[in-house]
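Written below as structure tokens is the structure these notes are about.
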Amino acid sequence: MTKTSKELRLSVTHIKILETVSFLNEKHFYPLSHGVRKILMGEEDEETLNFKDCPTYGTLISYPSKKISRYVMMLQRYHYLNKKYDYATDKLYLEISDLGVATLLKYRKKHKINYKKKIAPKETTIVHID
């Protein structure tokens, strides 16, 4: 009996990660998994200011960073994402593969994409009490 390799069943979270990496790659930006997490969680800092127009910005605010990293790792393992080397920083960055692009196109044909941005409630850290 031969063992066949399993396919990865893509969830909406996988698709959001692919959408994020695709969006960045189209603009010639290549993120680390931490960069993908920052965009998905809607973090506002100097790196993410230019990417607020990303359709997936702020759509996974409740996911811990480890969980997003695991999703990214699975997408790499199943060849939906590739690594691209940058000589200036001596690091490997994420790039969507041909399989990832084909998967996104197929998903977009079947589903109407309307990601809802979620706003994390801001905790008041300083209050004035009379």
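May I ask you to verify whether K67 is open to solvent by 60 Å² or more (accessible area, probe 1.4 Å) and touching a Phe, Trp or Tyr at 6+ places or on another chain (Cβ under 8 Å)?
On the way: open to solvent by 60 Å² or more (accessible area, probe 1.4 Å): yes; touching a Phe, Trp or Tyr at 6+ places or on another chain (Cβ under 8 Å): no.
So K67 fails the test.
What about D98, is it open to solvent by 50 Å² or more (accessible area, probe 1.4 Å) and of a type outside the set (V, I, T)?
Numbers: open to solvent by 50 Å² or more (accessible area, probe 1.4 Å): yes; of a type outside the set (V, I, T): yes.
Yes; evaluated as a whole, the condition is true for this residue.
Looking at this structure, is A120 at pLDDT 90 or above, of a type in the set (A, V, I, L, M, F, W, C) and out of contact with any strand residue (DSSP E or B) (no Cβ under 8 Å at 6 or more places or on another chain)? Give the derivation first.
On the way: at pLDDT 90 or above: no; of a type in the set (A, V, I, L, M, F, W, C): yes; out of contact with any strand residue (DSSP E or B) (no Cβ under 8 Å at 6 or more places or on another chain): yes.
No, not satisfied.
Would you point out the residue of the range 42-51, among those that are within 19 Å of Y93 (Cα to Cα) and not acidic (D, E), that is least open to solvent (accessible area, probe 1.4 Å)? Outline the logic, then answer.
Initial filter on the range 42-51 (within 19 Å of Y93 (Cα to Cα)): 46-48, 50-51.
So of that shortlist, the ones also not acidic (D, E) come out as 48, 50-51.
On the way: T48: 4, N50: 112, F51: 20 Å².
Checked the range 42-51; the qualifying residue least open to solvent (accessible area, probe 1.4 Å) is T48.
Can you tell me which of D45, D90, D86 is at pLDDT 90 or above and at negative phi? Give the steps one after another, and end with the answer.
Numbers: D45 fails: at pLDDT 90 or above; D90 fails: at negative phi.
Just one listed residue meets the conditions, D86.
For the range 1-88, please list each of the helices (runs of 4 or more DSSP H) lying entirely inside it that holds at least 3 residues being under 10 Å from the mean Cα position of the chain (by Cα) and closer than 21 Å to A102 by Cβ.
Values: elements: 12-26, 33-41, 65-77.
Output list reads 12-26.
The values are calculated or read from the model by the stated rules, or taken from the named source; none is laboratory data. Predicted model only: the values in this text are computed from it and were never measured. Positions of Cβ are backbone-derived with ideal geometry, glycine not excepted, and every protein chain shown enters the neighbour counts. Each accessible area value is taken on the protein alone, full model and side chains, heavy atoms only, with ligands, DNA and RNA left out. Shrake-Rupley method; radii C 1.70, N 1.55, O 1.52, S 1.80 Å.
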